[in-house]
1. Output the number of residues of segment 206-234 satisfying the condition of being of a type in the set (A, V, I, L, M) and without any contact (Cβ under 8 Å) to a residue 12 or more places away in the chain.
2. Just name the residue that is surrounded by the fewest Cβ atoms within 10 Å (Cβ to Cβ) out of those in segment 174-195 that are within 14 Å of the chain's Cα centre (by Cα) and either closer than 24 Å to Ser20 by Cβ or without any contact (Cβ under 8 Å) to a residue 60 or more places away in the chain (or both).
3. Checking the conditions here, which among Leu50, Leu26 is touching a residue at least 24 places away in the same chain (Cβ under 8 Å), part of a strand (DSSP E or B) and not hydroxyl-bearing (Ser, Thr, Tyr)?
4. Being surrounded by 17 or more Cβ atoms within 10 Å (Cβ to Cβ) and touching a Pro at 6+ places or on another chain (Cβ under 9 Å) is the filter here, so list the residues in segment 144-158 that pass it.
5. Which of the residues spanning segment 31-47 are in a loop (DSSP other than H, G, I, E, B) and under 24 Å from Phe215 (Cβ atoms)?
6. Just one of the numbered conditions (1) out of contact with any Asp or Glu (no Cβ under 6 Å at 6 or more places or on another chain); (2) more than 24 Å from Ala72 (Cβ to Cβ); (3) without any contact (Cβ under 8 Å) to a residue 60 or more places away in the chain; (4) surrounded by 14 or more Cβ atoms within 10 Å (Cβ to Cβ) is not true of Thr203; which one?
7. Can you confirm whether Ala72 is closer than 24 Å to Lys130 by Cβ and either in contact with a Ser or Thr (Cβ under 7 Å, 6 or more places away or on another chain) or surrounded by fewer than 22 Cβ atoms within 10 Å (Cβ to Cβ) (or both)?
Amino acid sequence: MATEASELASCLAPLATRASWVVAQLGQSLDGRIATQSGHSHYINGRASLVHLHRLRGLADAVVIGAGTADADDPQLTVRHVSGVNPTRVVLDPRGRVSMDRQLFQTRVAPTLHVIGPDATPPTPPANVKRCVLPLNDRGQFEPRDVIELLDAHQLRRILVEGGGITVSQFIEAGVVDRLHLLVAPLLIGSGRPGLQMTPIETLDTALRPALRTFRCGEDTLFDVLLRPATFGG
């Protein structure tokens, strides 16, 4: 194989050959920003990174985003840039605040699950959207393990947690993410919204020190971070 094809196979083969996994994805600048202070993020990463993201979607059964990403970005969460089947789209919306006019709810190109908290009272969704209710923790958020169990009950076992930074951080901190695909652009923003935002630690002794591999992704660098080695055989 050509070098580029060989690297692509090496990067994605662990996902293509397993029936279940949780992969988180973030695209950011060199200084760890996923958007400017005003929320502008189109496009921090280049086209090759966008294609990589769509390949991840094509391998996934479900792609998960939080309410903020659903409202701010109005994504489609499809595989438009590659061949493949669109995953089930999952919107985590504890307070039921995401507008029903978002593309995720209005388009029928893929199934959509709208996950809300027990006290949320959003408008009735379109007929193609399935609404699910999960309990909230004391921070008013869903427990990531509850989300994974819900998706497993729907036969959705390859899960891509796509964004935003807060949602990805919650899943990583809960210890349920097998791999993190971190796409870093050669860009310094200098301010703005950070990517990962987890509970502060006092010393570096408690910092995560995962194994990782790096790949070129156009002008960007892909860090394939192995957070749960046992899931992938060491």
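The values are calculated or read from the model by the stated rules, or taken from the named source; none is laboratory data. Not measured: the values here are computed from a predicted model. In this analysis, Cβ positions are derived from the backbone assuming ideal geometry, glycine residues included, and neighbour counts consider all displayed protein chains. These accessible areas exclude ligands, DNA and RNA; they are computed on the full protein's heavy atoms, side chains included. Shrake-Rupley method; radii C 1.70, N 1.55, O 1.52, S 1.80 Å.
1. Residues in segment 206-234 being of a type in the set (A, V, I, L, M) and without any contact (Cβ under 8 Å) to a residue 12 or more places away in the chain: 2 in total.
2. Restricting to residues being within 14 Å of the chain's Cα centre (by Cα) and either closer than 24 Å to Ser20 by Cβ or without any contact (Cβ under 8 Å) to a residue 60 or more places away in the chain (or both), the top hit is Val176.
3. Of the residues listed, the single one that is touching a residue at least 24 places away in the same chain (Cβ under 8 Å), part of a strand (DSSP E or B) and not hydroxyl-bearing (Ser, Thr, Tyr) is Leu26.
4. Of everything in segment 144-158, those that are surrounded by 17 or more Cβ atoms within 10 Å (Cβ to Cβ) and touching a Pro at 6+ places or on another chain (Cβ under 9 Å) turn out to be Leu156, Arg158.
5. If the condition is that a residue be in a loop (DSSP other than H, G, I, E, B) and under 24 Å from Phe215 (Cβ atoms), then Asp31, Gly32, Ser41, His42, Tyr43, Ile44, Asn45, Gly46 are the ones that fit.
6. (4)
7. yes
Residues checked against (1) surrounded by 21 or more Cβ atoms within 10 Å (Cβ to Cβ); (2) over 22 Å from Ile172 (Cα atoms); (3) of a type in the set (D, E, K, R):
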{"position": "Ser6", "(1), (2), (3)": "no, yes, no"}
{"position": "Ser10", "(1), (2), (3)": "no, yes, no"}
{"position": "Thr17", "(1), (2), (3)": "no, yes, no"}
{"position": "Val23", "(1), (2), (3)": "yes, no, no"}
{"position": "Gly27", "(1), (2), (3)": "yes, no, no"}
{"position": "Gly32", "(1), (2), (3)": "no, no, no"}
{"position": "Val51", "(1), (2), (3)": "no, yes, no"}
{"position": "Ser99", "(1), (2), (3)": "no, yes, no"}
